[in-house]
1. Measuring from label point to label point, each 7 Å out along Cα→Cβ, what is the LYS323 to HIS108 span in nm?
2. Could you list ASP133, ASP296, ASP357, ASP181 so that the one with the fewest beta carbons within 10 Å of its beta carbon is first and the one with the most is last?
3. Which whole-angstrom value gives the distance between the alpha carbon centres of region 256-327 and region 102-116?
4. Amide H of VAL144 versus every other amide H placed in the peptide plane: which residues, excluding those fewer than 5 positions away on the same chain, fall under 5 Å?
5. Do any of LYS74/LYS100; LYS323/LYS367; LYS100/LYS375 go past 32 Å between their Cα atoms, and which?
6. State the dimensionless ratio Rg/Rh of region 251-337 (Rg: radius of gyration of Cα atoms; Rh: Kirkwood radius).
7. What translational diffusion coefficient, in µm²/s and rounded to a whole number, does the Stokes-Einstein relation yield for region 188-251 at 4 °C and a viscosity of 1.567 mPa s, taking the hydrodynamic radius as the Kirkwood radius over Cα pairs?
8. Give the order of TRP107, TRP156 when sorted by the count of other beta carbons within 10 angstrom, beginning with the fewest.
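Since every read-out is calculated from the coordinates, none of them should be taken as a lab result. Every value quoted in this text rests on a predicted model; they were computed, and no experiment measured them. Every residue, glycine as well, gets a Cβ built from its backbone with ideal geometry; the counts of neighbours run over all protein chains shown.
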Amino acid sequence: MCRLEPGGPFLIVRDAAKAPLLKDEDEPPLNRDAMNPVAAETNSTLDTTNAHVAAGAHAPLEKIALETYVPPAKPSLVGLSRAEIAEQLGAIGVAPAQRKMRVQQLWHWIYVRGAKSFEEMTSISKEMRAQLDQHLTVARPEVVAEQVSNDGTRKWLLRLPSGDSIEKAHEVECVYIPETDRGTLCVSSQVGCTLNCSFCHTGTQRLVRNLTSGEIVGQIMVARDRLNDWADRATPTGGRLVTNVVMMGMGEPLYNFEAVRDALLIVADNEGIGISRRRITLSTSGVVPNIIRTGDEIGVMLAISLHAVRDELRNELVPLNRKYPIAELLQACRDYPGSSNARRITFEYVMLKGVNDSLDDAKLLVKMLKGIPAKINLIPFNPWPGTRYECSDWDQIEKFSEYIFNAGYSSPVRTPRGRDILAACGQLKSETEKLSVRERQALRAMAMTD
Ligand code: SAH
Ligand code: SF4
């Protein structure tokens, strides 16, 4: 992994305490609700004038993860496997003969009923509930803000413990996109991202740590809590609201493989949340060695952030391409376990005006995907303050899409959702960036000496 270079691509962030409220005309005002007055008060502006320095061919391939995770004093059972829950029960003195049954009860209360406390778990004896409560929790990440787009998209800002006094609490975002036939939850895998894709807002975020399995599952729990979407609570349609999960939020899921795997196995578990593997999609920028593992160990649908058909351009847009070039990436797709015409791999292609949107690009794209059960998802570029890219003209997107369609590929153009609340693809970027000058200097010093 590359190290940050001195004087490298640090984003300049104003001191949150002194920062004025958002004024930038390009950035819509944050429509935070009043759930948390502290969150509303810290609303500040980012100076993104240096954001572009992280972009381009000279950007480091990866940033070093600066943040660490210190678990809370009372661990949460959310995100633990059955075996890990049994271990926790053993540690608090539950007799071996009882553990299996207790695990089953807990699993049901947590993942089918959405219980937020042991107190609610009425099929468990009072004494046992008290014992559990003394040592453990079923806590999920704390919701510090909720924004609702005028198209119904909802974005939650979640606060996670950092456990370190020098650091502010970590924050990630999670987005719910309702459609007529489904409800998709876009889930984050890391605080920030160590990769530096030049068109992605998350990529400009400096501070990075992996989420735990509990923090990943916790995002689905939070969405079900906020949408009142648990099994015993009536929903208007009678069905669930969160029907699909996409690992397309902040972070590169295949750089946090174990936690993402453990979390998705819980999300897919039939005796719990029960979202089928076919309704879970993991998107990667191309971490080749973990692509096959994804098929073997998780078995979910795969999406590849391709975005360019020539290595030269992909090196610039997705710098990880320098490590795993297009040919290797496509070979991993050909070898992806379980792919078939019924279970196609999605190739995501962000439409950047004058950069990757010519008909020659479309032709080469069709040619190179030959033999792979594929669908192509064209994503209109979602702009963010400070970016040097523009979204392709609609005419051009249509021509591109038509060429692909005529070549036999389904080529839906992804409708941007939640743009007004910066919830669309690649616009996510938590507020963890708002560090004080002292904190920034300390982190900078750490990065330089590491
Ligand atoms: N890190 C993973 C998953 C998160 S990004 C990945 O890169 O695949 C989810 C999708 O949004 C990716 O295809 C990503 O390339 C795309 N994306 C990032 N920034 C974007 C932007 N500004 N506009 C449109 N799509 C963007
Ligand atoms: Fe990370 Fe994906 Fe954004 Fe690239 S596109 S910086 S891999 S989140």
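1. Here the answer is 4.5 nm between the modelled labels.
2. So the ranking, lowest neighbour count to highest, is ASP181, ASP296, ASP133, ASP357.
3. 29
4. Correct list: LEU157, LEU158, ARG159.
5. Over 32 Å apart, Cα to Cα: LYS100/LYS375.
6. Expressed as Rg/Rh, it is 1.02.
7. 96
8. Neighbour counts put them in this order, fewest first: TRP107, TRP156.
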